[in-house]
Amino acid sequence: MNISSNYPFLSMPFSFLVMGVSGSGKSHIGRQLAAETGAIFIDADDYHSPENVAKMARGEPLTDMDRESWLQTLSELYREHQARKVSLVIGCSALKRHYRDVLRQGAPNLHILYLHGSREVLLDRLNTRGSHFFSGEHMLNSQLNTLELPGKDEAIQCSIESTPKEIIHDFLHELSRKLAEK
């Protein structure tokens, strides 16, 4: 059965952002959400400059200035996919409201899934994921300190302790409910 029959809004091109700190499962959930809904998935990490990747690999947090061109690139990807009428899911930390606002410039109707979990679960995930350029307790602490929690009006929040299937179902169900209220 086609999932869009359960969620009619999926029959139109859409833009989703899967956000959260490193280790929350943005890429894993984003890929599954895109596969389930017939969208394209982009991992925002793939669009960092070599300088940003090197900086993070050294354990140095990125500044807002480091992120600016990266966020503009992601916003443009949303804009390009919308112009082509292609649905897009991007997995991106989007820790600050300003960052999410930049992304919305390319996708004014951006729907956000915020993945949240305890520091302990996040750190455990980071410590077991292997050779990713982002690692370490210091970097996680930096992201948690930077995180500006999205409000319920901005994002649908799901716990990373749920299964991926449950997270996707809960997100789509809640999004459907919110859209029906408009």
Using 7 Å Cα-to-Cβ label points, what is the Ile40/Glu76 separation (nm, one decimal)? 1.4 nm
Accessible surface, region 79-120, averaged per residue in Å² (probe 1.4 Å): 44 Å²
In Hz, Karplus ³J(HN,Hα) per residue of region 111-116 (6.51, -1.76, 1.60; θ = phi - 60°; x = Gly, Pro): 9, 10, 10, 9, 8, 10
For region 88-182, what are the per-bin percents of Cα-Cα distances with bins 10 Å wide, up to the bin holding the maximum? 13, 42, 35, 9, 1
Fraction in percent of alpha-carbon pairs per bin - 10 Å, region 1-99: 15, 44, 30, 9, 2
Among Pro61, Gly117, Asn6, whose Cα lies farthest out toward the positive end of the dipole of the chain, if unit charges sit on the beta carbon of Lys, Arg (+1) and Asp, Glu (-1)? Asn6
Cα atoms only: what Rg and Dmax, in Å, come out for region 53-109? 12.6, 39
Scattering profile of the chain at q = 0.09 Å⁻¹ [log10 I(q)/I(0), Debye over alpha-carbon scatterers]: -0.30
Given the options His81, His98, His111, which has the most mean-square fluctuation in a GNM of the chain, springs set between C-alpha atoms less than 10 angstrom apart? His98
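Could you work out how much longer the chain between Ser159 and Ala83 gets when fully extended? Use 0.36 nm per residue separation minus the Cα distance between them, nm to one decimal. Display every interim value, and only then the final one.
Values: separation 76, 0.36 × 76 = 27.36 nm, distance 3.26 nm.
Roughly 24.1 nm would be gained on extension.
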Using R₀ = 22 Å, calculate the FRET efficiency as 1/(1 + (r/R₀)^6) where r is the Cβ-Cβ separation of Asp66 and His138; round to 0.05. 0.85
Suppose every K and R has +1 on its Cβ and every D and E has -1 on its Cβ; what is the size of the dipole of the chain about the Cα centre, in Debye to the nearest 20? 380 debye
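Under a Cβ-only charge scheme (Lys and Arg +1, Asp and Glu -1), can you give me the dipole magnitude of region 72-115 about the Cα centre, in debye to the nearest 20?
100 debye
Rounding to the nearest 20 debye, state how big the charge dipole of region 1-58 is about its Cα centre with +1 on each Lys and Arg Cβ and -1 on each Asp and Glu Cβ.
Values: 4 positive and 5 negative charges, 26 e Å.
It comes to approximately 120 debye.
The values are calculated or read from the model by the stated rules, or taken from the named source; none is laboratory data. Keep in mind the model is a prediction, meaning the values are calculated, not measured. Virtual Cβ from ideal backbone geometry, glycine too; neighbours counted across all protein chains shown. Ligands, DNA and RNA are excluded from the accessible area calculation, which covers all protein heavy atoms including side chains. Shrake-Rupley method; radii C 1.70, N 1.55, O 1.52, S 1.80 Å.
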